[in-house]
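The values are calculated or read from the model by the stated rules, or taken from the named source; none is laboratory data. Owing to the predicted nature of the structure, the values given are computational and were not obtained by experimental measurement. All Cβ positions, even for glycine, are placed from backbone atoms using ideal geometry, and neighbour counts span all protein chains on display. Heavy atoms of the whole protein, side chains included, go into the accessibility calculation; ligands, DNA and RNA do not. Shrake-Rupley method; radii C 1.70, N 1.55, O 1.52, S 1.80 Å.
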Amino acid sequence: MLVLLLSYFHLVSCNNIRSDTLLPGQSFSFSAGDTLVSKQGTFELGFFCPGNCEKLFIGIWYTNIKPKTVVWIANRDSPIRPPFNNSHLELSDGNLQLLDARKQRVWDSNLPTASAYANKAVLFDSGNLVLTNGIDRQWQSFDYPTDTWLPGAMIGFDKTKNTLQKLTSWRNLNDPASGSYSLQLGTNQNGELVVQRNFQEQWRSGPWNEGAFAILAQQIYSKDLFNFSYIPTEYSKNITYNVFGESSISRIVLEFNGLMKQWFWSKDHQSWQLVWSGPTDNCDRINFCGAFGIFDMNANPPCECLQGYEPQFKLDWDIRNYSGGCVRKIPLQCGSNNKGFVRMQNVKLPVI
């Protein structure tokens, strides 16, 4: 669980609290424990070390929630290696640039120099880090999410900007590098969310229908707490959500094991409360029993083949690897008179 994951963090102490804005020529450093803090003190941007602190990252977390809960990481796939002293983030030539102790650039916001007119970086109370000239947003962290989906952020794509917003899990409990799982909009144009593992679909939310997803509608939705929106246009498609009342501090996380979880912060309990987790069981996973297989959560083993079929790889099934699916016991003879249908009761077809 992410709550347990975060208890392993060693985060850099932040003695020098800065404003919510970084101006050209300014920087904040690991050595000084500098941070940016959003205007109402909701989010904080600074350096942190997960696990045994062999790698240094810069990220965003909730300011006053313990254990510290990281929601975005700039350099997840480009960590700073020891020594860490003098590592710093600066705004230079219109770009955010992260430099290590040797003054080597390990990450930047990658705005073309010719169009880099940003004159400040601002951390908002939404958790969004924005590069702006005061009028337009040239770059924002919401366009590059890591494993956490915050209220107001989008999952989707924009052809005009050539951007794709998707969640990507951590590699493991102590390594925030890009993992095997991703959460993004499906390719079938019906507004459903898809969890993939190494580009293979593992789970689908079901198509968007009248303000809800087919599978999630009965499990996650309480319109008093959450409101999801699907926004399709000619050039872009996006899904976002807002939260209300006690759940106003909320997040959706794609964990390193492929589970998608939605949390809200309870002020009364001073802890994260789990609203929903999915897939709820292997029955929700796509193709768990392979081709021509049937999953029964009450059976042992849980997978069986359709009538007239047998496991394609019997030894794999014996060790509960059902991905190979089932094949016909007798080859199909199209010219014979053995034609007909077998009625299958109490079986749910996958959402397509």
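Below, the figures for the structure above:
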read-out	value
Sites Ser277 and Gln189, calculated FRET efficiency, Cβ-Cβ separation with R0 25 Å, nearest 0.05	0.35
Estimated distance in nm for a label pair at Leu164 and Val327, the labels positioned 7 Å out from Cα along Cα-to-Cβ	3.4
Pairs from Lys103/Lys159; Lys66/Lys166; Lys103/Lys237; Lys161/Lys261; Lys39/Lys66; Lys66/Lys159 whose Cα-Cα separation, in the structure shown, is over 31 Å	Lys103/Lys159; Lys103/Lys237; Lys66/Lys159
Relative contact order of segment 40-174, pairs being alpha-carbon contacts under 8 Å that are 6 or more residues apart, as %	17
Residue-by-residue Karplus 3J(HN,Hα) for segment 142-148, coefficients 6.51, -1.76, 1.60, Hz, glycine and proline x	4, 7, 9, x, 9, 9, 10
Val347, Val106, ranked by accessible area, largest first (probe 1.4 Å)	Val347, Val106
For segment 254-308: relative contact order, % (alpha-carbon pairs under 8 angstrom, 6 or more apart)	21
Amide H partners (placed H, <5 Å) of Gly290, local residues excluded	none
With all protein chains modelled, accessible area of Tyr309 [1.4 Å, Å²]	40
Length added when fully stretched, Ser19-Asp318, from 0.36 nm per residue minus Cα-Cα	101.6 nm
Extension gain from Val347 to Asn257, taking 0.36 nm per residue of separation minus the Cα-Cα distance	29.7 nm
Under 15 Å, Cβ to Cβ, from Glu234 - net charge with Lys/Arg +1 and Asp/Glu -1	+2
Residues listed by number, segment 44-63, amide nitrogen under 15 Å from Gln104 label point at 7 Å toward C-beta	55-56
Simple spin-label estimate for Asn227 and Ser78 in nanometres, 7 Å along Cα-Cβ	3.9
Global form of segment 68-114, assessed from the alpha-carbon gyration tensor, a/c cut-off 1.5	oblate
For Asn119, residues with placed amide H under 5 Å, excluding near neighbours	Thr132, Asn133, Gly134
Pairwise label distance in nanometres, Ser178 with Cys53, each label 7 Å out on the Cα-Cβ vector	3.0
Ile135/Asn85 FRET efficiency (R0 25 Å; Cβ-Cβ; nearest 0.05)	0.10
Segment 293-324 versus segment 42-101: alpha-carbon centroid distance in Å	46
For Trp276, distant residues with modelled amide H under 5 Å away	Gln262
